Amino acid sequence: RFSGRTRYSGQLSYLRGGAVDISVKSDLDGLAIDMPAPVGKPAASALPLSLQWSAATDAGARDRRWLSGSLGENINVLLERDPALRASYFSRGAVGVNRAAVLPPTGLSLAATVPALDLDGWNTVIDAFDEPAVKSARPVANSRPALPPAAQVNLATEKLRAGGYVLDNLKLYAQRPA
């Protein structure tokens with residue numbers, strides 16, 4: 001999915017109590033990303049990336065960590081890791097494309113307004129990230145998905161490709177029942 005090389009800068013901060021904050025920034029120039037729009041890009045183009053792993057800043061349980069990031073000007077991600085919750089690595093998260101990324105109470109929230117969306121392509125990417133890095137003959141006892149299940153989707157697109165179908169001028173709001 002990634003090929004080439006790119007420059008980056010990073011900062012590692014040690015905080016009281018042994019916590020660590022990590023931030024990384026890059027323009028991704030020189031790195032090709034083989035993913036569907038709006039993330040995919042050729043190596044020759046720049047697309048600013050910013051990532052930060054830090055303590056959660058809202059009210060809630062202690063020891064939670066946030067992975068926040070932005071890609072370009074319009075893609076934002078916020079994923080929360082709560083070590084007390086074990087169903088998935090990240091206990092809840094939000095992705096915003098041309099919209100804000102707002103953490104839901106549980107699960108994963110996707111809010112996007114895009115000209116076109118290849119859902120089949122994105123499902124392939126997401127499935128690949130949930131595969132173990134090293135394949136073994138026996139299953140891993142405590143393996144779990146990286147992301148929680150989708151809790152809500154708020155999508156507007158002129159063209160959605162999914163399951164061999166093409167849907168035009170789609171507006172969708174779906175929420176998992178409690």
* **aspartates and glutamates whose Cα lies under 19 Å from that of LYS25, excluding same-chain neighbours fewer than 8 positions away** => GLU73
* To do: Throw me the Rg/Rh for the chain, computed over C-alpha atoms with Kirkwood Rh, two decimals.
  => 0.97
* Farthest positive-ward along the chain dipole, Cα basis, beta-carbon charges - from ALA174, ALA19, VAL102 -> ALA19
* Going through region 1-75, which trypsin sites (Lys or Arg not before Pro) have at most 15 other Cβ atoms within 10 Å and a DSSP loop state? -> ARG1, ARG5, ARG7, ARG62
* Structure fact -> Per the helix-only model, the chain has a calculated mean residue ellipticity at 222 nm (DSSP H runs of ≥4, -39500 (n - 2.57) each, divided over all residues, rounded to the nearest 500) of -2000 deg cm²/dmol
* Return an integer: the convex hull volume of the alpha-carbon atoms of region 1-90, in Å³ per residue. => 122 Å³
* Structure fact -> Here the FRET efficiency for SER23 versus VAL77, based on Cβ atoms and R0 = 25 Å and rounded to 0.05, is 0.95
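Just so you know, all these numbers are worked out from the coordinates, no wet-lab data involved. What you are looking at is a predicted structure, and each value in this text was computed from that prediction instead of being measured. Cβ: placed from backbone, ideal geometry, glycine included. Neighbour counts: every protein chain shown.
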